[in-house]
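*Asks:* First the structure, which I've put down as C-alpha cells, then a few questions once you've had a look.
The values are calculated or read from the model by the stated rules, or taken from the named source; none is laboratory data. Since the structure is predicted, the reported quantities are computational estimates derived from the model, not experimental observations. Cβ placement follows ideal geometry from the backbone for every residue including glycine, while neighbour counts extend to all protein chains displayed.
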Amino acid sequence: MGCGKSTIGKILAERFQWEFIDLDKSIEEKESLTISEIFQLKGEDYFRKLERVALNSILTMDVPLILSLGGGTVCHSGIADDLNKNKNILVCYLKLSPQVIFDRLKSEKQSRPILNGVDDLQEFIQRHLNQRESFYAMANLTLDGVVDPEEVFSEIRTFIGYLNSSTT
C-alpha cells in the first residue's frame, strides 16, 4: 500500500500499449462492495478466495497486460510460486522505505479504510513489510526506491530486453 502500484501500472500500460487491471478494483466491481466492506461483512478468508478466483481468471486472458496486485496477494494460496512458475509473467516489486510509505499514507488514513483504527501507522507499515518481505523477494525484478514512472518504465523495458536477449 502506498508504493504507487496502481498509478505506475496505469502509466506503464499506456506506455506499453497494454491493458491495465487493478485486481482489487476488479473484485470490488464484481462484488459491488469495497475491499474493506468485503473484509467486514464476509471476512478475510472469503476475500482471499475471491482474490484467487479473480487472479486465475485474469491470468487466462490472452492479452499483454499490467496487473496491479494488492500488497497481500502474493502472501496467500501459493500465488507467489504460481506467478514465478509462469515464464510469461514478470513480477515487479516496487520497494520503498517504510518512511516513504508512511509519508505517503499519513494524510490518506481517512481515505483508506484498512488504516482506520491503526494507532501507530509506522509500526503497522513496518510489521506488514517484515511479514511480507520473503514473498516480495520472490519478484523477478525489484525496483528499490524507484518512484518516477518514467524510470520504472525504463527499468522494466531494459529488464525485458535483457530477458529476450538471454533466451536467444
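*Asks:* Just to be sure, is residue 133 without any contact (Cβ under 8 Å) to a residue 40 or more places away in the chain, closer than 28 Å to residue 14 by Cβ and surrounded by fewer than 16 Cβ atoms within 10 Å (Cβ to Cβ)?
*Replies:* Criteria not met by residue 133.
*Asks:* Select from the stretch 138-151 the residues that are in contact with a helix residue (DSSP H, G or I) (Cβ under 8 Å, 6 or more places away or on another chain) and under 19 Å from residue 73 (Cβ atoms) and write down the one among them that is surrounded by the most Cβ atoms within 10 Å (Cβ to Cβ).
*Replies:* Residue satisfying both the conditions and the ranking: 143.
*Asks:* Going through the stretch 9-40 one residue at a time, which ones are touching a residue at least 40 places away in the same chain (Cβ under 8 Å), touching a Leu at 6+ places or on another chain (Cβ under 9 Å), closer than 18 Å to residue 73 by Cα and part of a helix (DSSP H, G or I)?
*Replies:* 9, 23, 24
*Asks:* Restricting to the stretch 44-85, name every residue that is more than 22 Å from residue 128 (Cβ to Cβ) and surrounded by fewer than 19 Cβ atoms within 10 Å (Cβ to Cβ).
*Replies:* 53, 56, 57, 58, 59, 60, 61, 62, 63, 64, 65, 85
*Asks:* So which residues in the stretch 8-38 are charged (D, E, K, R) and at pLDDT below 90, if there are any at all?
*Replies:* Hits for the stretch 8-38 are 15, 37.
*Asks:* Also, quick follow-up: Is it the case that residue 54 is touching a strand residue (DSSP E or B) at 6+ places or on another chain (Cβ under 6 Å) and either at pLDDT below 90 or at negative phi (or both)?
*Replies:* no
*Asks:* Would the stretch 148-158 turn up any residue that is over 19 Å from residue 12 (Cα atoms) and not β-branched (Val, Ile, Thr)?
*Replies:* no
*Asks:* Additional query: Given the condition loosely packed, with under 14 Cβ neighbours inside 10 Å, under 22 Å from residue 83 (Cβ atoms) and hydrophobic (A, V, I, L, M, F, W, C), answer yes or no: does some residue in the stretch 28-43 qualify?
*Replies:* There is no residue in the stretch 28-43 that is loosely packed, with under 14 Cβ neighbours inside 10 Å, under 22 Å from residue 83 (Cβ atoms) and hydrophobic (A, V, I, L, M, F, W, C).
*Asks:* Inside the stretch 107-156, can you point out the residues that are more than 24 Å from residue 44 (Cα to Cα) and of a type outside the set (A, V, I, L, M)?
*Replies:* 107, 140, 142, 144, 145, 148, 149, 150, 151, 153, 154, 155
*Asks:* Provide a single number: the residues in the stretch 100-111 that are in contact (Cβ under 8 Å) with a residue 12 or more places away in the chain and exposed (fewer than 14 other Cβ atoms within 10 Å of the Cβ).
*Replies:* 2
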